[in-house]
Amino acid sequence: MAAQRRNIGILAHVDAGKTTLTERILYLCGGIQSQGSVDAGTAHTDTLSVERTRGISVKAASACCAWKGVEIALVDTPGHADFSSEVERSLWALDGAVLVLSAVEGVQAQTELLYAALRQAHIPVVFFLNKVDRVGADRDRVLREIREVLSAPAAALWEEEALLDAVCETDDDLLARYLEGEPPAEAEVRAALARACRAGTLCPVLSGAALRGQGVEALLDAVVDFLPAPAGDAAGALCGVVFAVTMDKTMGRGAQVRLYSGALQNRQAVGESKVTQIRTLRGTRWEDRGALSAGEIGMVYGLGDVRPGDVLGDASLVPEGRLRAALAEPLLSSRVEPEDEKDLRALREALEELSIEDPHLDAQWSSFTHELYVRLTGAIQVEVLQALLEERFGLRCRFAPPTVIYKETIAHEAEGFVAYTMPKPCWAVMKFHLTPLPPGSGVQYVCTVPPTAIRPRYLKQVEQTVPRALRQGMLGWEVTDVRIELYDGSDHQWHTHPLDFALATPMGLMDGLRRGGPVLLEPILRCRFTVPSSCAGRLMSDLAQMRGRFDAPQTRGELTMLLADLPAATSLEYPTALAAYTGGRGAMAAQLKGYEPVDLSLGATCPRRGVDPLDTARYILAARKALEGEVWD
C-alpha cells in the first residue's frame with residue numbers, strides 16, 4: 001500500500017555526514033547487517049573505488065528498508081557541487097527529503113542550492129542538524145541560519161513552545177482552541193505539523209549525531225510521520241520517470257524508474273519496447289521481482305535506448321515542478337585523449353556510454369581533428385572520470401585544462417535562405433526569418449509554410465534538425481535566444497529525396513545567423529559571499545577585477561555578506577583564493593544566473609566539430625559521403 005511507503009532523498013553539502021546518516025538509517029532498519037564507515041571506505045552506498053578512496057559520494061545510490069511497518073526507499077546523493085547533476089536527477093523520484101546540515105559549519109554553499117531546488121520541485125523537507133557532539137556545534141545558531149539565509153519556515157522540535165506556536169498558526173482550529181487556553185495534545189500537534197510539512201508551510205528540524213546514532217530514531221519517526229506517502233493510482237494510466245540509467249554486461253541497459261501512476265510487469269509493451277525484467281531493492285541489493293506499481297521505484301530492463309529524464313506513459317501525471325528543478329549546468333569543456341593512441345576508439349565508446357548515464361557529460365567527437373570533448377561542472381569531476389575510466393573500462397587518459405562554455409545569439413533580425421537543387425537529384429528550398437529574443441528565452445521554432453509548398457514529412461525533418469543545426473553557430477557555440485520561422489519554400493515531386501530537407505536546414509540557418517551578426521554570450525554566476533569583516537575590502541577589490549557587479553555588503557557581527565554577479569570565466573578558481581586569504585572562514589555559493597553579451601576579445605570561439613554548412617560544396621560532398629568528415633558534431 002502506498003500509505004505504508006516513503007520515497008525520500010538524503011541531501012547535504014559535502015562532509016555534513018549524509019552518507020554516515022544513511023548507513024545508520026539502514027542499520028537501524030535492518031537494511032544492512034553491519035554499519036559501514038566513510039573513513040574506512042566500507043559505506044554500503046559508496047560502491048565505486050573512487051568513492052571509497054576519496055571518501056566522497058560520486059553517484060546517487062538507492063536503498064530500501066522499513067521502519068515501524070513503513071517501507072522507506074531512500075536515495076543517498078552526492079554532496080559535492082561537481083556532481084549536482086546526480087542530485088538533480090534523484091529529485092525526479094522523491095516525495096520528500098532529509099536535508100542534512102553540520103551543526104558546526106551550518107548553512108553552506110551547496111545547502112542553499114539544494115534547498116532552492118527542493119522548493120522548486122515542491123518536495124517537502126525535514127532538516128537534520130548533524131554532528132551536535134562536535135566541538136563548535138551550535139544548533140540554535142544553525143537554526144537561525146536556516147531561517148535567515150535559506151528563508152525556510154523552520155520549526156525546531158526541541159523548541160516546544162515555539163513549535164506549538166508555529167504549528168497552531170497553520171491550523172485555524174488548533175489556533176482558536178490554543179487562544180482559548182486549551183492546548184492541543186501532542187498527537188494533534190504532530191498531525192498538524194505533518195500537514196504543514198507536506199504543504200511546504202513548515203519544515204521540521206531535528207538534531208543529533210549520526211556516527212553515534214544520536215537522534216536517528218527520532219529522525220526516522222519524522223520521516224514516517226511528516227513526509228508524504230506517494231500518491232498515484234496503480235490501476236490508472238501509466239506514468240513513470242526514468243531518473244537513472246546503468247549499463248549491465250548481462251542484462252543491457254537498466255533504467256531506474258519511479259512510477260507515479262499505473263503498473264509495469266514483465267513482457268509488458270511500453271511504446272515500441274517490451275519490458276524484459278524488473279528488479280526492486282532489498283537493503284542495498286537489487287532482486288528480481290517482475291512487477292512495479294504506482295509509488296514504487298524499480299530497475300526496469302528492455303526499454304531500448306531510454307535515457308534519464310524520459311517519461312514512460314502520460315507525462316501530465318508527473319507532479320508539478322518535479323522535472324523543472326535545476327541544480328547545475330556544465331560550464332566547462334575539456335579535451336580528453338588516451339595515453340595510448342590505439343585506445344582512442346575505445347575511449348570514445350566509453351565516454352558515450354557514460355554520457356548515457358549522465359547526459360550532462362555530453363561526450364562530443366570532432367571528425368575534423370579526431371578529438372574528444374566532454375562537458376564538466378568542476379575540477380574534481382576530472383579526477384573522478386579518470387578513475388572511473390580506468391576502473392570500469394581499463395583506459396588511462398589525460399584531460400586538457402577545462403575552458404568555459406559560451407553561447408551565442410544574433411544581433412538583429414535576418415533572413416536565411418537555402419536552395420539545395422544541385423547536384424541532382426535533390427531539391428530543398430527554404431526561407432527562414434530569424435529574430436533575436438530576450439535573454440533566457442532559448443530557441444523558438446515555428447513553421448508557417450503551407451503543406452502545399454512543402455510536404456508535411458519534409459517539414460517534420462526540418463523541425464527535428466533545427467536543434468542539431470544550432471549546436472554550433474558562427475562562433476562555434478550553441479545558439480540560443482532566437483526565434484526561427486520557416487515561412488516559405490518548396491519541394492519537388494521528382495527530385496526531392498527523403499533527407500534533402502534535413503541536409504539543407506543547417507545551410508539555411510547558418511545563412512541567417514551570418515546575416516544576423518553573431519553575439520557572444522558568457523555565463524554569469526550569481527554568488528553569495530560570507531567573509532570575516534576584516535576581509536571585505538579585499539573581496540570587493542577582487543570582484544571589481546573579475547568584472548563583477550555587486551550589491552552593498554551587509555554586516556552581521558564579525559561577518560560580512562555580499563551578493564555579486566560574476567563572469568564564470570574570471571571566477572571559477574576564486575574559491576581557492578578566497579579560502580587562502582580568509583583562513584578557510586570565507587564561503588562562496590554560486591549558481592548560474594544566465595548568459596550575457598560579452599566582447600569577443602574577453603571570450604573565445606570554439607572550433608567547428610563538423611563541416612561548416614556555409615562551405616556549401618564541401619558540406620554537400622561530406623553529407624553525401626563523398627568527402628571525409630561529418631556534417632554533424
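Quick rundown of the values:
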{"item": "Residue count, region 120-168 (criterion: at positive phi and either small (Gly, Ala, Ser) or assigned to a strand (DSSP E or B) (or both))", "result": "2"}
{"item": "Condition met for VAL167 (buried (at least 19 other Cβ atoms within 10 Å of the Cβ), aliphatic (A, V, I, L, M), over 18 Å from SER207 (Cβ atoms) and within 34 Å of the chain's Cα centre (by Cα))", "result": "yes"}
{"item": "Residue identified as open to solvent by less than 50 Å² (accessible area, probe 1.4 Å), within 27 Å of LEU525 (Cα to Cα), in contact with a helix residue (DSSP H, G or I) (Cβ under 8 Å, 6 or more places away or on another chain) and touching a residue at least 40 places away in the same chain (Cβ under 8 Å) among VAL142, VAL149, VAL126", "result": "VAL149"}
{"item": "Residue match in region 528-538 (condition: open to solvent by 60 Å² or more (accessible area, probe 1.4 Å), within 32 Å of the chain's Cα centre (by Cα) and touching a residue at least 60 places away in the same chain (Cβ under 8 Å))", "result": "yes"}
{"item": "Residue under evaluation ALA294, criteria (1) open to solvent by 30 Å² or more (accessible area, probe 1.4 Å); (2) touching a residue at least 60 places away in the same chain (Cβ under 8 Å), criterion not met", "result": "(1)"}
{"item": "Region 503-533 - residue that is at pLDDT 95 or above and among the small types (Gly, Ala, Ser) and, of those, farthest from ILE410 (Cα to Cα)", "result": "ALA504"}
{"item": "Within region 375-410, considering residues that are part of a strand (DSSP E or B) and under 17 Å from LEU332 (Cβ atoms), the one most open to solvent (accessible area, probe 1.4 Å)", "result": "ARG398"}
{"item": "Extreme residue, most open to solvent (accessible area, probe 1.4 Å), among residues of region 270-285 that are in a strand (DSSP E or B) and within 15 Å of ALA255 (Cα to Cα)", "result": "LYS274"}
{"item": "Region 54-95, residues that are small (Gly, Ala, Ser), without any contact (Cβ under 8 Å) to a residue 40 or more places away in the chain and not in a strand (DSSP E or B)", "result": "GLY55, SER57"}
{"item": "Residue within region 268-277 that is in contact with a strand residue (DSSP E or B) (Cβ under 8 Å, 6 or more places away or on another chain), polar (S, T, N, Q), over 14 Å from TYR301 (Cα atoms) and touching a residue at least 12 places away in the same chain (Cβ under 8 Å) present", "result": "no"}
{"item": "Of all residues making up region 411-454, the number that are open to solvent by 60 Å² or more (accessible area, probe 1.4 Å), at pLDDT 95 or above and among the polar types (S, T, N, Q)", "result": "2"}
{"item": "Filter result (open to solvent by less than 20 Å² (accessible area, probe 1.4 Å) and not β-branched (Val, Ile, Thr)) within region 230-255", "result": "PRO230, CYS239, GLY240, PHE243, GLY254, ALA255"}
{"item": "Residues of region 544-588 that turn out to be without any contact (Cβ under 8 Å) to a residue 60 or more places away in the chain, of a type outside the set (Phe, Trp, Tyr), under 16 Å from PRO523 (Cα atoms) and part of a helix (DSSP H, G or I), as a count", "result": "2"}
{"item": "Residue check, LEU525 in contact with a helix residue (DSSP H, G or I) (Cβ under 8 Å, 6 or more places away or on another chain), open to solvent by 10 Å² or more (accessible area, probe 1.4 Å) and assigned to a strand (DSSP E or B)", "result": "yes"}
{"item": "Unique residue being part of a loop (DSSP other than H, G, I, E, B), free of Cβ contacts under 8 Å to residues at least 24 places away in the same chain, over 29 Å from the mean Cα position of the chain (by Cα) and on the phi < 0 side of the Ramachandran plot when the list is GLU182, GLU188", "result": "GLU182"}
{"item": "Among residues of region 170-188, those that are within 18 Å of ALA199 (Cβ to Cβ), surrounded by fewer than 18 Cβ atoms within 10 Å (Cβ to Cβ) and among the hydrophobic types (A, V, I, L, M, F, W, C), counted", "result": "1"}
{"item": "Condition met for VAL224 (open to solvent by less than 30 Å² (accessible area, probe 1.4 Å), modelled with pLDDT of 95 or more and under 23 Å from the mean Cα position of the chain (by Cα))", "result": "no"}
{"item": "Those residues of region 96-113 which are in a helix (DSSP H, G or I) and polar (S, T, N, Q), in sequence order", "result": "GLN110, THR111"}
{"item": "Residue in region 587-617 that is modelled with the highest pLDDT, counting only those that are open to solvent by less than 50 Å² (accessible area, probe 1.4 Å), within 21 Å of THR111 (Cα to Cα) and touching a Pro at 6+ places or on another chain (Cβ under 7 Å)", "result": "GLY594"}
{"item": "Exclusive hit being outside any loop (DSSP other than H, G, I, E, B), β-branched (Val, Ile, Thr) and under 30 Å from ARG375 (Cβ atoms), set VAL242, VAL223, VAL306", "result": "VAL242"}
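Matching residues to (1) surrounded by fewer than 22 Cβ atoms within 10 Å (Cβ to Cβ); (2) of a type in the set (A, V, I, L, M, F, W, C):
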| residue | (1), (2) |
| --- | --- |
| THR505 | no, no |
| MET510 | no, yes |
| GLY516 | no, no |
| PHE550 | yes, yes |
| MET561 | yes, yes |
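To keep it simple, each residue is scored yes or no on (1) among the hydrophobic types (A, V, I, L, M, F, W, C); (2) crowded, with 18+ Cβ neighbours inside 10 Å; (3) modelled with pLDDT of 80 or more; (4) in contact with a strand residue (DSSP E or B) (Cβ under 8 Å, 6 or more places away or on another chain).
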site	(1), (2), (3), (4)
TYR27	no, yes, yes, no
GLN33	no, no, no, no
ALA43	yes, yes, no, no
ASP46	no, yes, no, yes
GLY55	no, no, no, no
GLY69	no, no, yes, no
ARG89	no, yes, yes, yes
VAL98	yes, yes, yes, yes
GLU105	no, yes, yes, no
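The values are calculated or read from the model by the stated rules, or taken from the named source; none is laboratory data. Quantities reported herein were computed from a predicted structural model and do not represent experimental measurements. Ideal geometry is used to build each Cβ from the backbone, glycine not excepted, and the neighbour counts take in all protein chains shown. These area figures cover heavy atoms from the full protein model, side chains too; ligands, DNA and RNA do not enter into them. Shrake-Rupley method; radii C 1.70, N 1.55, O 1.52, S 1.80 Å.
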